[in-house]
Amino acid sequence: YKDVARKIEKMHILMAEGGVEKGDKIAICGRNSSHWGVAFLATVTYGAVAVPILHEFTPEVVHNIVNHSDAKFMFVGDAVWPTLDAEQMPALQGIILVNDFSLLVSRSEKLTYAREHLNEMFGKKYPKNFRIEHIHYEHESSPDQLAIINYTSGSTGLSKGVMLPFRSLLSNVEFAKEVINLKPGSSVVSMLPMAHMYGMAFEFLYEFCQGLHIYFLTRVPSPKIIFQAFADVKPHIVIAVPLIIEKIIKKAVLPKLQTPTMKILLKVPIINDKIKASVRQKVIEAFGGRFYEVIVGGAAFNQDVEKFLRMIDFPYTVGYGMTECGPIICYEDWKRFKMASCGKAAPRMEVKVLSPDPENIVGEIVCRGANVMLGYYKNEEATREAIDAEGWLHTGDLGVIDAEGNITIKGRSKNMLLSASGQNIYPEEIEDKLNNLHLVSESIIIQKRDKLVALIHPDYDEAGDMPEEELKQVMQTNVQELNTMIPHYSQISRFVIMKDEFEKTPKKSIKRFLYQNAAD
């Protein structure tokens, strides 16, 4: 913590010399690391506004977010920097490499001088020593003061900058303290992107405030790497997205239970309980063996996997949230959690379902409370659409609520998909690009076994008498071209040619739900 405080102080010197004023925006784009955390903490303690950007976004999208957010300063990781072009981000006064805080680009002599003489300037500021009494972050911050602008998606047309105030960050950290309540010195593995509010709040901010040890996964979280991390770190809490849990269960556990002998043994009551206890122990060990619970969030959970976890009495719970709430909306402890739901309204939040009969008839989920955003940056129209006059945030998700207040989500009206490593994927954005390519009339992107599949209806009028094999080759080329335009986590793995036009609603929207199994 002393090292972090010293680094924060040095970053404050660079920000001041680089002309950053309180309220200015600072972009952070790179893989998870302790220095990413330092850059973020230095930004908010200075009184500036952090703009975390997913490092998987395409260079064009990163440039657009930096410019749209009016960022004055940028911290960037070594994997991202070679793909970017400083000329495309003319308002930045300085660009700093997150890995070692070296100066990559300076548009100010004072900043260049400060970086070259940073230790000397730090020494002059604290001539004798640097102690706890020297640390004052004196900017006045009201609960509604803007802390973070988090961009929800990666294309210029659809990208919205969610403005989260300090009260949202504080309420999410307090929530974690109330429900998780781990002791200082406990361990956690940070594997969700820190630029995503789920990872930021529950694998970094809460842990940092509570005095936990954070282990950063600096590689893509494949099951093998995650297993190794769990075995080494033995985390006290596991925060994950469904696909990670599903992969671990489906690859490592379920196959062993599908044998004929095991199926018979599971039907014998006493042996059955013993087997379940032994399976439960193996699954717990796979996650490191000393965690309180596994919190799953970010997307719908596979029902077969959930039934299996419930059968063996595994300590898991499913939460619900969105970037606009920084992120938590609903949660329940695993001991009281109702299967297939996503918990009850979190502390300081109200949740209701807009329906004539919210227990039985699906309606839109709305919420209000301390966690809710201020609105979308420079987009008053979208803000008015999202937050009504009484302060209710319209989530766009559909669900029901029971008498105890448990919310069960029945559909995502936004059609959002989630990658295996926790990034949001918005199929409409990919379809938009694909529909502009050669001989594509219309398309739908669906998810199959955590891979994205493009269903393509070709423009047969334009194709004329083109042989089928040739048409397939055109589409193959299209998909290859499409994959160069989008982040790697939203890459298309294969395509299926659909002979007939997609069925549509009176409003001419494609009836997506009819095509979820079209690629089987």
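Quick notes on this structure:
- For segment 180-260, the alpha-carbon coordinates run over 50, 25, 20 Å along the three principal axes, in decreasing order.
- Diffusion of the chain by Stokes-Einstein, at 37 °C in a medium of 0.692 mPa s and with Rh set to the Kirkwood radius over alpha-carbon pairs, works out to 132 µm²/s.
- Solvent-accessible surface (1.4 angstrom probe) belonging to H457, in square angstrom, nearest 10: 20
- Counted over all Cα-Cα pairs of segment 1-128, pairs farther apart than 24 Å make up 20 percent.
- Under Karplus coefficients 6.51, -1.76 and 1.60, residue-wise ³J(HN,Hα) of segment 399-408 in Hz, glycine/proline x: x, 10, 9, 8, 4, 7, x, 6, 8, 10
- Candidates H394, V61, Q228 compared by Cα position along the dipole of the chain: farthest toward the positive end lies Q228, with charges placed on Cβ.
- The shape of segment 227-344 can be summarised by an equivalent ellipsoid whose semi-axes, obtained from the alpha carbon gyration tensor, come to 26, 16, 13 Å from longest to shortest.
- Only lysines eight or more places from K504 in sequence, or on another chain, were considered; those with a Cα closer than 17 Å are K414.
- Reach of K10 by Cα under 25 Å, taken over lysines that are not fewer than 8 positions away in the same chain: K2, K22, K25, K72, K110, K124, K125, K128
- Surface share of carbon and sulfur [accessible, 1.4 angstrom probe, percent] for the chain: 52
- In the chain, taking the dipole from charged Cβ atoms about the Cα centre, the farthest positive-side position among T408, Q480, Y206 is held by Y206.
- Among the listed pairs K224/K344; K160/K335; K250/K451; K344/K410; K263/K307; K177/K276, those whose Cα-Cα separation exceeds 25 Å are K224/K344; K160/K335; K177/K276.
- Each 10 Å bin from zero holds the following percent of Cα-Cα pairs in segment 331-406: 18, 46, 28, 8, 0.
- Expected 222 nm ellipticity per residue - DSSP helices of 4 or more, -39500 (n - 2.57), all of the chain, to 500: -9500 deg cm²/dmol
- Averaging the sequence gap over all C-alpha pairs within less than 8 Å and six or more residues apart, then dividing by the number of residues, gives the chain a relative contact order of 11 percent.
- Cα-based Rg and Dmax for segment 290-340, where Dmax is the largest Cα-Cα distance (Å): 11.4, 35
- Candidate cross-link partners of K282 among the aspartates and glutamates, defined by an alpha-carbon separation under 18 Å and a same-chain spacing of 8 or more, comprise D232, E246, D273, E293, E306, D313.
- Rolling a 1.4 angstrom probe over the protein heavy atoms with all chains in place gives the chain an accessible area of 46 Å² per residue.
- Over segment 94-206 - Rg/Rh using Cα atoms and the Kirkwood inverse-distance radius: 1.03
- Across q = 0.14, 0.15, 0.19 Å⁻¹, segment 391-446 modelled as identical point scatterers on its alpha-carbon atoms has Debye log10 I(q)/I(0) values of -0.57, -0.63, -0.83, in the order of the q list.
- Segment 448-518-segment 196-238 distance, computed between alpha-carbon centres (Å): 37
- Around the amide H of K448, modelled in the peptide plane, lie the amide H atoms of V453, all under 5 Å away and 5 or more residues distant in sequence or on another chain.
- Once divided by 2.2 N^0.38 Å, the Cα radius of gyration of segment 370-513 becomes 1.30.
- Stokes-Einstein translational diffusion, segment 281-368 - Kirkwood Rh over all Cα pairs, 0.692 mPa s, 37 °C, in µm²/s: 229
The values are calculated or read from the model by the stated rules, or taken from the named source; none is laboratory data. Since this is a predicted model, take the numbers as computed values, not measurements. Virtual Cβ from ideal backbone geometry, glycine too; neighbours counted across all protein chains shown. For accessibility, only protein heavy atoms count, side chains too; no ligands or nucleic acids. Shrake-Rupley method; radii C 1.70, N 1.55, O 1.52, S 1.80 Å.
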